[in-house]
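Read through the structure below, which is laid out as structure tokens, and then see the notes.
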Amino acid sequence: MNTRFNKAFQQVKLIGLFRLLFWGRNKNHSFSKEIKIASKGKMLLIDLFKSKEEYQMIIRLLGKENYISKNTSFWMDISKGYKSVIIALIKDLQIKGYYHLKRCVSHLQIRDISLNSFGVEISMDYIKHIKHNDINFNFIPESRA
């Protein structure tokens, strides 16, 4: 049973890595006031941020706390409840003022960001049950912008 789980986990990681390599990341992301989704399912965390500098600061903090890989930005912390942490993080960053949105991040956006930015697939039903304050992110300060 444990071997089957390990094989399945490795396949999920490879699929996520393939998606990152195949889709790539746009190094010249523009930070317009509207979210531009080229096609369904390709939204990244960087698309929500007010500025590239704040996004890079958050990525550095997450890497420093060993949540993500410093090289790939893929989620590394796979302890129990790690999907809850990703969901709460995306919601918490909005509460702290990092996004340019005037409304809450949708469940669909959270699902897409989790998969495309962190390589983790999360079901819509699971996303609906997690609140932004379920996890404490004291290491992330309020936005200065």
Handout entry: Odd one out for Y82, checked against (1) in contact with a helix residue (DSSP H, G or I) (Cβ under 7 Å, 6 or more places away or on another chain); (2) within 23 Å of N136 (Cβ to Cβ)
Key = (1)
Problem - Any hit, region 90-108, residues being among the hydroxyl-bearing types (S, T, Y), at pLDDT below 90 and under 20 Å from I135 (Cβ atoms) - result: no
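Of all residues in region 123-145, count the ones that are part of a helix (DSSP H, G or I) and out of contact with any His (no Cβ under 7 Å at 6 or more places or on another chain). Full working, then the answer.
Narrowing region 123-145 to residues part of a helix (DSSP H, G or I): 124-128, 132-134.
Those left that are additionally out of contact with any His (no Cβ under 7 Å at 6 or more places or on another chain): 125-126, 132-134.
Count: 5.
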Handout entry: Those residues of region 38-71 which are buried (at least 16 other Cβ atoms within 10 Å of the Cβ) and closer than 14 Å to G119 by Cα, in sequence order
Key = M43, L44, L45, Y67, I68
Completion exercise
Counting only residues that are modelled with pLDDT under 90 and out of contact with any Asp or Glu (no Cβ under 9 Å at 6 or more places or on another chain), region 38-75 contains a total of 8
Problem - Search result, residues across region 67-122 that are closer than 20 Å to K52 by Cα, touching a residue at least 40 places away in the same chain (Cβ under 8 Å) and part of a loop (DSSP other than H, G, I, E, B) - result: T72, S73, F74, K96, G97, Y98, H100, L101, V105
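The values are calculated or read from the model by the stated rules, or taken from the named source; none is laboratory data. Everything numeric in this text was worked out from a predicted model, so none of it was measured. Heads up, the Cβs are rebuilt from the backbone with ideal geometry, glycines too, and the neighbour counts pull from every protein chain shown.
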